[in-house]
Amino acid sequence: MKSIKKDHLVPVLNSWAQRFRLFAPVRGINGEFILSHFQKPNFDLDYKKPSLPPKSTLMPQSEVIFEVENNGYREVVNAPQTMLFGIRACDAAGLVQFARFMSRDREDVYTKSRTDETIKVVMACDGPQTETCFCTTTKSGPYAKKGFDLQFYDMGDVFLVETGSPRAEALLAEKSFFDQDDGKAAKQIKGFKEKGVRAIPVRETVQKAMDRLKEGKAVENVWERLGKKCIACGGCVYVCPTCTCFNVYDEVSGPGRGHRMRSWDTCLFGGFTREASGHNPRPDQNSRLQRRHEHKLLYYHRDDVADMLCGCVGCGRCSDYCPVHIGTLEVVDAISGQ
Amino acid sequence: MNKTISICPFCGCGCSFYLVTEGNRVIGIEPSPLHPMNKGMLCIKGWNSYEFVNSPKRLTSPLVRKDGHLVETGWDEALRTVSSKLKETQAAYGPGALAFLCSAKVTNEENFLMMKLARAAFKTNNVDHCARLCHSSSVAGLALTFGSGAMTNSILEFEDADLFLIAGTNTTAQHPLIGTRMINAVEKGAQLILMDPREIPLAQFAALHLRHNVGTDVAVLNGLMNIIIQEDLYDKEFVASRTEGFDQLKSVVSRYTPRVVENISGVSAGALEKAARMYAGAHKAMLVFAMGITQHTTGTDNVKSCANLAMLCGNIGRPSTGVNPLRGQNNVQGACDMGALPNVFSGYQSVADKGLRKKFEDAWKVENLDEKPGMTITDMMMAAQKGNIKAMYIMGENPALSDPDSSHIELALSNLDFLVVQDIFLSETAALADVVLPAASFAEKMGTYTSTERRVQLSHKAIDPPGSAKADWEIICAISSLSGYPMPYGSPAEIMSEVNSLTPSYGGITYPRLEKGFGLHWPCPKEDHPGTPILHKDKFTKGLGTFMPCEFRPLAEAPDEEYDFLLTTGRIYYQYHTGTMSRRVSVLEREAPQARIEIHPEDAKRQGIRNNDMVEVISRRGAMKARAEVSTIVPRKVIFTTFHFAEAPVNMLTNPAHDPICKIPELKGCAVKIRRSA
């Protein structure tokens, strides 16, 4: 086990920033935290989880996938060496599910190459970031069990640093990392983890809703009630660490010339499932919302989810950022009749 | 990957987000989590507002017409041509032969400069913009009754209202993050009265839906006021201390008994009485309206009637009350504020006022500013067709698709000696121009925008414009300087300093203050003034509020035996105005790729029209085809479609008949016939 003094961290980050495209929590112009390029003056350790998960580093909201020239095409794979510093366990779990889905039955070369080139440094939580955190329920936090290269535990003046991958060893060669007595550190970390777990109570309604969906016993009219107010902004999907859907379109600059693009998409948009005839198997917002939440809570793929509870990692962002309060927490309450 | 703070370029909500860029490309959007307007949220348009910026169809070089075709040229030739043509026209026909259109899409600084170019460099007040087509009646109606023609309250207040009276706004579609606040408030117990002929999504949340006949708003509003007065439910103290003209109001509205109103509007007497008692009984009632009220030949009367009702019940000057016109574009409020109107300088300072003219003459170092109000867009187009307007400079507008009776607009624009269009795309209007100037999009320049709640906000430059495109302010400066009136501004901040010094309501809205925080609500006269989220708190801007009772007047063109349907037009959630931007966003275009004509099932059956059939709609002015959407959203004998699609240009059909005061055309109702198309 290693440790690093907090006031030694910035020089280390500076040094990592020479080797990686380093993303870290950065304070924006109005005091809000965003995950952005590490900038010393705006970097701050006193941060909450940013409003967007780090999935855009694996799949940007829009990206060029082919370049077309003279009627020929060239695949554009762009995977710079990247480090995500200070992401939370829920987001690390989200990246795991994201990457697994994108390579399960067919390998997506774009996200695969970026996943391979991305070092993940997790900052374990010793309590909820917001009142909507429920990672203890979804078994995806408040500390990462896998899917990280390094994990930092905040012990006041120092961080204890846990290694999660062979490639991470090299990162700890920086002289600011000191060896720690393993036994003592393990005890401290155990205490830290227990404190975090205690501080984020399990939301019983999640499991209850999952059971009800399995039995086909969701509260009647739940999708009608929620569907009526959904404005189809797509926000819950865009902020979701495990939502992977994308749309493909072409930017045509001229005859035989242009870009094939892909951009984030969502099953909440009617056009996502509308067929060429005009028929839509999910004809209204009720059925689309049902589909999205059943994908998270009922029809998730065991291989993607691994040892987590379901297709949701409990970050709570959909509850934070839905304009009409149709986040997972509200949905499971509604399904289970709470 | 960089992140630059910006303001959404679509509607007037004023949501803030970071533009995520990679190199010189915008690759995504990240909503600002702390901004009070959107708190980390956006609508579908906002989340996808980056894509059109990257479009390969962007204009990248100036174009000039040679042998009938637009061909690429350098800035030198383009600017010289514009400047010399404008100068020649001015010399040959006088300044009144020139017309300038500002834009509800560009920054305050750019609108200010365009209005300055018209007034100081070319000595004409012929300057206007598309607010003429959306809220000129709000500006006129509220200025006359309250003294200030803008939204009286602010958006956050929607969360705490007890009651909403929503007239002619499909809020969840056009101002989504205001619409969602209404839904949340209703779920917390607020009541919603909807006044709309169509069954829009908010109808599901309405305690009462008054589906009045199109164009009968004055009758319904008078009817409400009559009941409130008859039943003694009005706010006597407010009426006595804050208003004037109550007796006239009482005498006019007394003729609008529930029975009379029912005959005119189709709203049952019982529903009207219930609505009147609900509105009068609410402690904090917000009256909210948009195009359904404004786009009528009686638009100003409709707005005055809304103002009358709010004053009658004392719903002015307190939190979560007021009269709230929802402005449809990111900077339509700002363009009006900057004097992109024929009768006022920035801050609604009248051009007819000698003292105010002197102030601008001194600041601008010119003499003899035009003292006569100039022409509105409506008048400019008529004058162009008659040959009285000879040259027009259009910035960021698409009148060929947005204005009523398109055939007439095209004739008018084609009849000009010289047309210059400045835009980010080759719009339908730009395709008619003699010179096309490529402009920077919102992501490619710095500047301020004023949202519907009068919140002035700074947006930053994230990437460079494509090709040789330039920011609108840079282009205007160059043309002005070439035309003999130097505009040596080095930055938008310098322009804003001039706005600050000449515009009392913007006096304290400076760049250093806007750099941090979430903008400032005008009026904000001094550097230490906190801004004004709620207008007319202790007294109206004009002193006493004036009741201005109006008599009901019917639509200019009502259906008859031959043209037996009423066509009403509007917008949908997934597209935006003439589609210049939204139709270049793949997901929006996928959601709504074509125009649909809503028709009631009974009417469809009678006409032999099935869902998705191609139908033809014909008015006295033109015809269009689109696919039918058979739906009970529309009442019987009313059809609805949008103006987003150039393939189905509904404004070929609409009636240019306009409001006598503000000249807004009656886009919300004209007579048509409809038939199944082969």
What does the charge count around B:LEU413 come to, taking other residues whose C-beta lies under 11 Å from its C-beta (Lys +1, Arg +1, Asp -1, Glu -1)? -4
Evaluate E = 1/(1 + (r/R0)^6) for B:ASP247 and B:LYS625, where r is the Cβ-Cβ distance and R0 equals 60 Å; express this FRET efficiency to the nearest 0.05. 0.70
Give, as ranges by residue number, the residues of region B:172-190 whose backbone N falls under 14 Å from the point 7 Å along Cα→Cβ of A:ARG225. B:187-188
Relative contact order, percent, of region B:631-678 when contacts are C-alpha pairs under 8 Å separated by at least 6 residues? 22 percent
Dipole magnitude (debye, nearest 20) for region B:251-364, charges at Cβ of Lys, Arg, Asp, Glu: 260 debye
Once the piece of chain linking B:ASN24 and B:GLU361 is laid out straight, how much longer is it, given 0.36 nm per residue of separation minus the C-alpha distance between them? 117.2 nm
Rg (one decimal) and Dmax (whole number) from the Cα set of the protein assembly as shown, in Å, equal 29.5, 94
Relative contact order of region B:441-507, please, whole-number percent, based on alpha carbon pairs below 8 angstrom and at least 6 residues apart. 22 percent
Tell me the mean residue ellipticity at 222 nm calculated for chain A from its helices only (DSSP H runs of n ≥ 4, each -39500 (n - 2.57), averaged over every residue, nearest 500). -9000 deg cm²/dmol
In debye, nearest 20, what is the charge dipole magnitude of the protein assembly as shown about its Cα centre with +1 on Lys and Arg Cβ and -1 on Asp and Glu Cβ, if you could check? 1180 debye
Averaging over all projection directions, find the projected area of the Cα convex hull of region A:17-78 and quote it in nm² with one decimal place. 6.1 nm²
Mind checking which lysines have their C-alpha under 18 Å from B:LYS542, skipping anything on the same chain fewer than 8 residues away? B:LYS304
In what sequence do A:LYS229, B:LYS445, B:LYS625 fall when counting other Cβ within 10 Å, fewest first? B:LYS625, A:LYS229, B:LYS445
Residue among B:ILE394, A:VAL305, B:PRO559 farthest towards the positive dipole end of the protein assembly as shown, charges placed on Cβ: A:VAL305
How far is it, in nm, from the label point at B:ASN388 to the one at B:SER407 when both lie 7 Å from their Cα along the line to the Cβ? 2.3 nm
Cα pair distances exceeding 23 angstrom across region B:549-678, given as percent: 33 percent
Fraction of beta bridges assigned by DSSP in the protein assembly as shown that are antiparallel (%, nearest 5): 60 percent
Determine the percent antiparallel among the DSSP beta bridges restricted to region A:68-215, to the nearest 5. 45 percent
Compare the Cα positions of B:ALA203, B:THR294, B:SER441 along the charge dipole of the protein assembly as shown (+1 at Cβ of Lys, Arg; -1 at Cβ of Asp, Glu; about the Cα centre) and return the one farthest towards the positive end. B:ALA203
If I model a spin label as a point 7 Å beyond the Cα along the Cα-Cβ vector, how far apart are those points for A:LYS146 and B:LYS605 in nm? 6.2 nm
With an 8 Å cut-off on Cα pairs and a minimum separation of 6 or more residues, tell me the relative contact order of chain B in percent. 20 percent
For the pair B:LYS542/A:LYS214, report the inter-label distance in nm, with labels modelled 7 Å from Cα in the Cβ direction. 6.9 nm
In the neighborhood of B:ALA493, defined by Cβ-to-Cβ distances under 11 Å, what is the net charge if each Lys or Arg adds +1 and each Asp or Glu adds -1? -4
Among the aspartates and glutamates, select those whose C-alpha is under 17 Å from the C-alpha of A:LYS48, and discard any that sit fewer than 8 residues away in the same chain. A:GLU32, A:ASP91, A:ASP126, A:GLU131, A:ASP154, A:ASP320, B:GLU30
Which entries in the list B:LYS45/B:LYS516; B:LYS605/B:LYS637; A:LYS139/A:LYS190; A:LYS55/B:LYS445 go over 20 Å, if you measure between the two C-alpha atoms of each? B:LYS45/B:LYS516; A:LYS55/B:LYS445
Going by how many other beta carbons lie within 10 Å of each one, how would you line up A:ASP105, B:ASP423, fewest first? A:ASP105, B:ASP423
Restricting to bridges with both residues inside chain A, how much of the DSSP beta-bridge set is antiparallel, in percent to the nearest 5? 75 percent
Taking every other residue with Cβ under 14 Å from the Cβ of B:GLN90 and scoring Lys and Arg +1, Asp and Glu -1, one gets +2
Given Cβ charges of +1 for Lys and Arg and -1 for Asp and Glu, the option among B:GLY223, B:VAL253, B:VAL239 whose Cα lies farthest towards the positive end of the dipole of region B:197-355 is B:GLY223
Here P(r) for region B:619-678, Cα-Cα distances in 5 Å bins, as whole percents, is 4, 15, 25, 27, 17, 8, 3, 1, 0
Whole-number D in µm²/s for chain B (Stokes-Einstein; Kirkwood sum over Cα pairs; 4 °C, 1.567 mPa s): 51 µm²/s
Rounded to the nearest 20 debye, dipole of region B:381-504 from Cβ charges on Lys, Arg, Asp, Glu: 260 debye
Eligible aspartates and glutamates near B:LYS236 by straight Cα distance, threshold 17 Å, same-chain separation 8 or greater: B:GLU244, B:ASP247, B:ASP538
Among B:TRP47, A:TRP16, rank each residue by its count of other Cβ atoms within 10 Å, from fewest to most, as a rough exposure measure. A:TRP16, B:TRP47
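Every number in this text was worked out from the coordinates using simple rules, so none of it is lab data. Keep in mind that what you see is a predicted model, and the values were worked out from it rather than measured. With ideal geometry, Cβ positions are generated from the backbone for all residues, glycine too; neighbour counts draw on all protein chains shown.
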